[in-house]
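*Asks:* Here it is: the structure, laid out below.
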Amino acid sequence: MIFGAYSQVPPGTPHTILQSLLSEVYKPVLTSIYQNPGMKVHLYLSLTVLEWFELNHPEMNMLIADLVKKDQVELLTGPSDHAILSLLPPKDRSLQIEQTTTYIRKRFIRRPKTMWLYNQSWSPHLVSVMNLSTVDRLIISNYCQLHDSLYFDEPYTMQDIGKTIEVVPLEHRIEQWVHQVGQGEMGLAQFEELLSLYEQDIRSSSAAVMIDLDSLCKSSLAAEHFEEASSLFNLVHSRIIAPEGNSVLLSTVPVGKLTRHRGYLPMGWYGYDSTLTTEVNVNDMITKYEELNHLYGRMNHVIELARIHRKNKDVKKRVEVLLRKAQNGAAFVRDRFAGCYRREYRQYVYRYLNEAENLLSFHEGVSYPRESDLDFDGHKEILAMSRNLLVVIHPLGGKVQEMNYLPTGWNYLNTFSGYHSEAKRSTMSSTIDGSFQNAFHDVLLPFEGFDYTRYSKNHPSVHDTADDTWTTEIDEKRAQHIISTAQIKRLSITKEFSLKNNSLVVDYHITNDSSSSVKGIYATEMNLALGTRDETSQLYSIETNKNRVISDTSFTKSISNFRIADNVNRTILSVACNTRFSLLHLDYSHEMNTIVGREQLYQHTLFLLNWQYSLEPGESIHWTVGWRIDRRPRRRQKEST
């Protein structure tokens, strides 16, 4: 039999989770393997984990190297940055695999020939990619959640466009029971009872038994009295593998000796690693969530820039490394690590995309502003770049979709709405599922009687200007200037964007074009994804050289500016206007079950700036809003006396 375990920790995972996995799973399981010399274990650990071991716990890699040398452990390869390979250009797919393969070969002196795919996301065209990467075998579940169907239960040969690989399916009963243990639906006693009933049948199977270590960690952390992960690992080995003593490492089995049948595994997600509702494959995730659609478009935009501009060989190599890191697939899945709901994964992608695009601009002469249809809606977004900022403006509504602070790579508009059926929302429960929340997204409100506690863009009393026809163009006469205009109801609206080194300035011009007076409230949303949102990030306003703390009562009247510190990026965000405004601010987060139990995941904070207007026919009103990001200087420590 083929026996093993896997852990799929993506790049960008908080260190607290890695530390929990180390103490609850990695150390106990590897120690157990070391103490049982007869164990033959296939092990998949993400490159993120192996590199983290090397930097923070080198003794773990030393232990793995010893087990590999003793032929107790065979490491599996896979995409180095947990990329979903079907989303990448063909060349990058093999580079992702080769990166992990090379690391394992250099660090553990064995070249892996068997692969594991992140979240078991499969596409048949990867057969050719595996051949190009000299990988002969794939271990993957053949169970499809959505159709509740099992394709194959024994190894088979699969071909695509004349290339072949051997596919080793997982033993479905074991993977299902381990999943139920991880979900808290089954205890260890019941698991052991099921093993006793089916152990003879399972032993006769030629499928692979792979234990999901992340699922066991989730169960261990979420429950107060759950046995160690190594207990279940050892239980499966002692009941299924040890009695027959027939466990082998795939590297000792010649290619062609393992399979007797041919088969074909369609594109899709397999096993229980991903949390699925209706998504057949990763493309459905991009279609479902506007934020992921935009992020994927931005990734393709930078990849295309790198393909066109590559005169400098050193810059080309550096950009290739950055783009490989930006291909982190965790931002495009839903799983026990929270996937797309955990903003650290999305920020990880934005960080490396921003660094790559900044390098191309500086060294390859890529000019800005430039246009590109990032979200594939037929309307070209405008990208503008200054010394420290890169912004993306959508032509519909003249709304800002990205505000990237280049010194840190942080995107302050990395928002995420999600779906109310998938996660509990802390506020703004009426937010449209899957909708992208932006900045300078303008709405019209009634002049009197509006209840701000029920604010939402889809409220019957709210007019969302993004639904109207806008014209957005680059001002050819002035550098880094973009102009958006629209005729909405009886108002003529012009927004002029001006990008500076550290700030984005927006001039509003509103004219009453009708033959009668008009009044109302003009408001603009700024949905800011701050580095953290706790007591250390206090909102305040500067009035006559004095700081005025803005309370958490959500609604504040008559201020001309507000500021908030971002301690994660060591920045201060300032928003100021030459006309006083009222401010509504609400934090938006999701509560959901993750690998560490019930978790509150902060997404962004809504700042709704609003101004009253009352205009006679032909009368105009004008105001200017500036958004500035400054790096906070580090405090010097006092010299000890």
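The values are calculated or read from the model by the stated rules, or taken from the named source; none is laboratory data. Computed from a prediction, not measured in an experiment: that's the story for all the values here. Positions of Cβ are backbone-derived with ideal geometry, glycine not excepted, and every protein chain shown enters the neighbour counts. The area values use the complete protein model at the heavy-atom level, side chains included, leaving out ligands, DNA and RNA. Shrake-Rupley method; radii C 1.70, N 1.55, O 1.52, S 1.80 Å.
*Asks:* Every residue in the range 571-592 that is closer than 18 Å to Gly626 by Cβ and either in contact (Cβ under 8 Å) with a residue 60 or more places away in the chain or open to solvent by 40 Å² or more (accessible area, probe 1.4 Å) (or both), please.
*Replies:* Hits for the range 571-592 are Thr571, Ile572, Leu573, Ala576, Asn578, Thr579, Arg580.
*Asks:* List the pairs whose first member sits in the range 461-488 and is at negative phi, whose second member is surrounded by 16 or more Cβ atoms within 10 Å (Cβ to Cβ) and assigned to a helix (DSSP H, G or I), and whose Cβ atoms are under 8 Å apart, counting only residues at least 6 apart or on separate chains?
*Replies:* Ala486/Thr465; Ile488/Thr465
*Asks:* For the range 464-500, enumerate the residues that are open to solvent by 70 Å² or more (accessible area, probe 1.4 Å), within 30 Å of Ser367 (Cα to Cα) and of a type in the set (Asp, Glu).
*Replies:* Glu473, Glu476
*Asks:* Assess whether Leu30 counts as being farther than 30 Å from Leu132 by Cα and touching a Leu at 6+ places or on another chain (Cβ under 6 Å). Steps first, answer last, please.
*Replies:* Working: farther than 30 Å from Leu132 by Cα: yes; touching a Leu at 6+ places or on another chain (Cβ under 6 Å): yes.
Considered against the rule, which asks whether it is farther than 30 Å from Leu132 by Cα and touching a Leu at 6+ places or on another chain (Cβ under 6 Å), Leu30 comes out as yes.
*Asks:* Turning to a different aspect of this structure: Please list, ordered by first then second residue, the pairs with beta carbon atoms under 8 Å, 6 or more apart or interchain, first in the range 558-570 and more than 23 Å from Leu406 (Cβ to Cβ), second open to solvent by less than 10 Å² (accessible area, probe 1.4 Å) and among the aromatic types (Phe, Trp, Tyr).
*Replies:* Between residues of the range 558-570 that are more than 23 Å from Leu406 (Cβ to Cβ) and residues that are open to solvent by less than 10 Å² (accessible area, probe 1.4 Å) and among the aromatic types (Phe, Trp, Tyr), the close pairs are Ser558/Phe581; Ile559/Phe581; Ser560/Phe581; Phe562/Phe607.
*Asks:* Still on this model: Only one residue in Val135, Val49 is open to solvent by less than 10 Å² (accessible area, probe 1.4 Å) and not in a helix (DSSP H, G or I). Which one? Give the derivation first.
*Replies:* Working: Val49 fails: not in a helix (DSSP H, G or I).
So the residue among Val135, Val49 that is open to solvent by less than 10 Å² (accessible area, probe 1.4 Å) and not in a helix (DSSP H, G or I) is Val135.
*Asks:* Now, a different point. Count, please, the residues in the range 365-410 that happen to be without any contact (Cβ under 8 Å) to a residue 60 or more places away in the chain, within 21 Å of the chain's Cα centre (by Cα) and assigned to a strand (DSSP E or B).
*Replies:* Residues flagged as without any contact (Cβ under 8 Å) to a residue 60 or more places away in the chain, within 21 Å of the chain's Cα centre (by Cα) and assigned to a strand (DSSP E or B) within the range 365-410 amount to 2.
*Asks:* Let me ask something else about it. Would you check if Leu21 is in contact with a helix residue (DSSP H, G or I) (Cβ under 9 Å, 6 or more places away or on another chain), modelled with pLDDT under 95 and surrounded by 22 or more Cβ atoms within 10 Å (Cβ to Cβ)? Even if it seems obvious, please write down each step before you answer.
*Replies:* Values: in contact with a helix residue (DSSP H, G or I) (Cβ under 9 Å, 6 or more places away or on another chain): yes; modelled with pLDDT under 95: yes; surrounded by 22 or more Cβ atoms within 10 Å (Cβ to Cβ): yes.
So Leu21 passes the test.
*Asks:* I need the full set of residues from the range 442-458 which are among the acidic types (Asp, Glu) and either part of a helix (DSSP H, G or I) or surrounded by fewer than 19 Cβ atoms within 10 Å (Cβ to Cβ) (or both), in order please.
*Replies:* Answer for the range 442-458, where residues must be among the acidic types (Asp, Glu) and either part of a helix (DSSP H, G or I) or surrounded by fewer than 19 Cβ atoms within 10 Å (Cβ to Cβ) (or both): Glu448, Asp451.
*Asks:* Say whether the condition of being in a strand (DSSP E or B) and in contact with a Ser or Thr (Cβ under 6 Å, 6 or more places away or on another chain) is met by at least one residue in the range 520-535. Working first, answer last.
*Replies:* Narrowing the range 520-535 to residues in a strand (DSSP E or B): 520-528.
Going one step further and asking which of them are in contact with a Ser or Thr (Cβ under 6 Å, 6 or more places away or on another chain), we end up with 527-528.
Within the range 520-535, one or more residues are in a strand (DSSP E or B) and in contact with a Ser or Thr (Cβ under 6 Å, 6 or more places away or on another chain).
*Asks:* Right, another one. Being small (Gly, Ala, Ser) and open to solvent by less than 20 Å² (accessible area, probe 1.4 Å): is that true of Ser461 here? Break it down stepwise before answering.
*Replies:* Numbers: small (Gly, Ala, Ser): yes; open to solvent by less than 20 Å² (accessible area, probe 1.4 Å): no.
Answer is no for this residue.
*Asks:* Oh, and also: Among the residues of the range 242-265, are any at pLDDT 95 or above, closer than 30 Å to Glu422 by Cβ and open to solvent by less than 50 Å² (accessible area, probe 1.4 Å)?
*Replies:* The answer is yes; a qualifying residue exists.
Yes or no, residue by residue, for (1) of a type outside the set (D, E, K, R); (2) in contact with a Ser or Thr (Cβ under 9 Å, 6 or more places away or on another chain); (3) free of Cβ contacts under 8 Å to residues at least 60 places away in the same chain:
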site	(1), (2), (3)
Lys69	no, no, yes
Leu76	yes, yes, no
Gln96	yes, yes, no
Ile109	yes, no, yes
Asn119	yes, yes, no
Trp122	yes, yes, no
Val129	yes, yes, yes
